[in-house]
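Read through the structure below, which is laid out as structure tokens, and then see the notes.
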Amino acid sequence: MAIRIGILGEIGSGKSYVANKFGYPVFNADIEVSKLYKKNKKIFYKLNKKLPKYISSFPVDKNQITKAILSNNANLRKILNIVHEEIRKKMNLFLKKNKNKKILILDIPLLLENKIYKKKDILVFVDSPKKEIKKRLKKRSNFNNKLFKKFKKIQFTPVYKKRKAQFIIKNKFTKKSVINDIKNILSEIL
């Protein structure tokens, strides 16, 4: 049975970067959500049924999703409920397909909030300087501050996530610091 490592951290802290540096298969929920919007007609129909005013064409445009979330607080929950179910299925397929690997990495933004982790999972918190996070987020072409605030409201605080984690990786946005921390974690758990 594979060791599961869940990556925790704030939006923009470099979770995906860190996840990919472990050198083991990664389940990246953000990438999977993008694929659902582009390729899954069933998801489109479900979203269209719940939010016909916003989600009107396939493939689902991220701008439609953004407008729906920003217009009404309840819409974010509606979207998450529809998408979450499908993402859980995709994650289970990923886990089955990779069950013979030594380690599997879970890069899932709402890992704790949606109770996706298991008790024996190893949780790693990516700790990054707030100034750097802000700088990086502003560089993102799709960054929307209002949307960012809505997502922050439904997430546990960084302090709580840090407390839940068995390991902390200090991400100073240099490859060297992250790689050393990963090596130390792997030598401890293997």
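The values are calculated or read from the model by the stated rules, or taken from the named source; none is laboratory data. Bear in mind the structure is a predicted one, so any value in this text is a computation, not a measurement. All Cβ positions, even for glycine, are placed from backbone atoms using ideal geometry, and neighbour counts span all protein chains on display. Side chains included, ligands, DNA and RNA excluded: accessible areas come from the protein's heavy atoms. Shrake-Rupley method; radii C 1.70, N 1.55, O 1.52, S 1.80 Å.
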Of the accessible area of segment 34-166, computed with a 1.4 Å probe and all protein chains kept, carbon and sulfur make up a percent value of 53 percent
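Within segment 29-94, report the trypsin sites (Lys or Arg not before Pro) that DSSP leaves as loop and that have at most 13 other Cβ atoms within 10 Å.
Numbers: sites: LYS35, LYS38, LYS39, LYS41, LYS42, LYS46, LYS49, LYS50, LYS53, LYS62, LYS67, ARG77, LYS78, ARG88, LYS89, LYS90; in loops: LYS53.
Filter output for segment 29-94: LYS53.
Please report Rg over Rh for segment 1-123, where both radii come from the alpha carbon positions and Rh follows the Kirkwood definition.
Details: Rg = 15.5 Å, Rh = 15.5 Å.
My calculation of the ratio gives 1.00.
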Between the alpha-carbon centers of segment 146-164 and segment 1-45, tell me the distance in whole angstrom. 17 Å
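May I ask for the Rg/Rh ratio of segment 83-190, computed from Cα atoms with Rh as the Kirkwood radius, given to two decimals?
Working: Rg = 15.6 Å, Rh = 16.1 Å.
Looking at segment 83-190, the ratio lands at 0.97.
Please tell me which of these pairs span more than 25 angstrom C-alpha to C-alpha: LYS35/LYS89; LYS96/LYS153; LYS39/LYS118?
Working: LYS35/LYS89 14 Å; LYS96/LYS153 33 Å; LYS39/LYS118 29 Å.
Among LYS35/LYS89; LYS96/LYS153; LYS39/LYS118, the Cα-Cα distance tops 25 Å for LYS96/LYS153; LYS39/LYS118.
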Which of the aspartates and glutamates could a cross-linker span from LYS138 if the Cα-Cα distance has to be under 16 Å and same-chain partners fewer than 8 positions apart are dropped? GLU10
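What FRET efficiency would be calculated for the residue pair ASN145, LYS172, taking the C-beta separation as r and a Förster radius of 22 Å, to the nearest 0.05? It would help to have the intermediate numbers written out before the result.
Numbers: r = 24 Å, r/R0 = 1.10.
For R0 = 22 Å, the calculated efficiency reads 0.35.
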Could you compute the FRET efficiency for LYS164 and PHE58, with r as their C-beta to C-beta distance and R0 at 30 Å, rounded to 0.05? 0.20
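Quick check for you: with a 1.4 Å probe and neighbouring chains kept, what is the accessible area per residue of the chain, in Å²?
60 Å²
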